[in-house]
Amino acid sequence: MQEAIILVGGKGTRLRPLTNHTPKPLLSVAGSSFIRHQIAKLMDAGVEHVVFATSYLAALFEEEFKNFSPDLTLSYAVEQVPLGTGGAIRNAGRLLRGDDPDAPVLILNGDILSGVDLRGILDAHRSRDADVTLHLTRVPDPRAFGLVPTDDDGRVLSFLEKPKTPEECVTDQVNAGCYVFRRSVLDAIPADREVSVEQETFPRLVAGGSRVHGHTTEEYWRDLGTPLAFVHGSADLVTGTATSPLVGSPAQALIHPSAVVDPTALVTGGSTIGPGAEIGPHVVIDRSIIGGDVRVAEGARIHESVVDHDSTIGGGSLLREVVVGCHAHIGADNELPAQLRLACGIRIPAQGVRVSGTAAACATVH
Ligand code: GTP
């Protein structure tokens with residue numbers, strides 16, 4: 001039986017306020033929770049048992065997968081205190097069913113959208129008789145990542161901290177957040193404290209002479225941890241740049257059948273419109289995620305943004321790279337610039353926030 005562990009216990013701080021009430025892997029991406037895309041991919045690769053390594057808002061995962069599918073067994077390893085990525089893997093390992101110490105266990109971060117062929121990485125692991133195989137991806141600018149140089153046979157040489165100078169950029173290969181562990185290697189991770197798999201387990205294995213291999217591929221890869229990456233990942237799934245067994249033919253938009261979109265509105269770039277949403281006349285929504293029961297009034301423009309469920313966006317407002325929490329109210333004619341995060345339930349009056357001037361009368365008595 002092929003088994004897998006998915007790490008889903010992080011707090012997802014970079015995606016707040018979306019993650020205030022919902023763990024990052026349960027946020028909706030291209031019409032389904034992100035974790036469902038991953039589960040579908042794992043099932044396609046022949047995985048029959050998945051252990052969720054949970055901690056933050058753990059109960060919501062069991063709710064999401066209640067009565068899920070007879071073809072997949074799901075288990076939940078709940079950390080009362082987050083154990084870090086390595087500790088989480090070790091803790092989840094207790095719930096694996098197999099007892100073969102050489103069995104390959106597939107491990108995924110719960111926030112990586114990737115086109116990697118999971119059967120391919122399992123085959124590579126077996127054919128090299130590796131202790132650990134890491135999926136590595138190439139990035140155009142490696143400065144934001146820890147680097148993973150390999151030798152000509154793909155054996156990992158070291159794990160380097162984020163490079164600070166061009167000379168330190170010795171490779172463009174980075175850890176892609178998908179691993180295969182030999183079961184006995186997984187079981188040897190310390191069980192009594194927090195452990196980082198990236199900073200502690202992998203470097204220790206390499207230093208100790210274990211067979212740690214890199215499996216470098218050129219397929220689509222994106223870490224959905226930041227707001228912009230999150231909306232881009234969702235849009236890529238809708239437009240077909242990235243693929244998931246749960247998304248149909250490539251399209252410019254994914255509009256829930258219960259949403260109402262005015263015929264003069266333009267919804268493009270792989271945007272998704274959630275259930276019950278109402279999109280008014282002449283609205284433009286580009287590369288964005290609009291949650292359930294959101295109302296967007298006439299002439300509003302929303303670019304590369306997320307508007308969480310039950311919020312309203314007033315007519316003529318402009319949002320660019322903005323995250324709006326749930327139950328928020330943005331009045332008419334606001335201009336919200338990049339990187340703003342609006343708290344759940346916030347109320348901004350008409351023309352309350354702008355980056356350009358307005359001729360409207362001042363509401364305050366001077
Ligand atoms: P940020 O707070 O925004 O950095 O997000 P995050 O909490 O998800 O952290 P990060 O992106 O570094 O985590 C990578 C993956 O590991 C995600 O899928 C997390 O859910 C998961 N993860 C991180 N720390 C833990 C932990 O202590 N326990 C478990 N079970 N999973 C974790």
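The values are calculated or read from the model by the stated rules, or taken from the named source; none is laboratory data. Fair warning: this is a prediction, and the values are worked out from it, not measured in the lab. Note that we place each Cβ from the backbone using ideal geometry, even for glycine, and neighbour counts take in every protein chain shown.
Observations
- Members of the range 217-230 found to be more than 16 Å from the ligand (Cβ to nearest atom) and buried (at least 18 other Cβ atoms within 10 Å of the Cβ), listed by number: T217
- Residues considered: L95, L122. Of these, the only one that is surrounded by 15 or more Cβ atoms within 10 Å (Cβ to Cβ) and in a helix (DSSP H, G or I) is L122.
- Considering the range 87-98, and only residues there that are at pLDDT 95 or above and more than 9 Å from the ligand (Cβ to nearest atom), the residue that is nearest to P203 (Cα to Cα) turns out to be R90.
- Residues of the range 117-136 classified as within 16 Å of the ligand (Cβ to nearest atom) and under 20 Å from F34 (Cα atoms), total: 1
- Picking from residues in the range 24-56 that are near the ligand (Cβ under 7 Å from one of its atoms) and within 24 Å of G274 (Cβ to Cβ), the one that is surrounded by the fewest Cβ atoms within 10 Å (Cβ to Cβ) is K24.
- Failed item, numbered, when D333 is tested on (1) within 28 Å of the chain's Cα centre (by Cα); (2) outside any strand (DSSP E or B): (1)
- Checked against the criterion of being of a type in the set (D, E) and touching a Cys at 6+ places or on another chain (Cβ under 6 Å), the candidates D293, D308, D286 yield just one match: D308.
- Of all residues in the range 1-44, those satisfying the criterion of being more than 21 Å from R97 (Cα to Cα), assigned to a helix (DSSP H, G or I) and touching a residue at least 40 places away in the same chain (Cβ under 8 Å) are R14, L15, L18, N20, K24, P25, F34, I35, R36, H37.
- Screening the range 159-194 for residues that are away from the ligand (no atom under 14 Å from the Cβ) and part of a strand (DSSP E or B) and picking the one that is surrounded by the fewest Cβ atoms within 10 Å (Cβ to Cβ) gives L160.
- One residue from G225, G209 being within 26 Å of S32 (Cβ to Cβ) and part of a loop (DSSP other than H, G, I, E, B): G225
- Taken over the range 1-17, the criterion of being within 12 Å of the ligand (Cβ to nearest atom) and out of contact with any Leu (no Cβ under 6 Å at 6 or more places or on another chain) is satisfied by I5, L7, V8, G9, G10, K11, G12, T13, R14, L15, R16.
- Subset of the range 98-119 [surrounded by fewer than 21 Cβ atoms within 10 Å (Cβ to Cβ) and assigned to a helix (DSSP H, G or I)]: R119
- Some residue of the range 82-105 being under 30 Å from L254 (Cβ atoms) and in contact with a Lys or Arg (Cβ under 6 Å, 6 or more places away or on another chain): no
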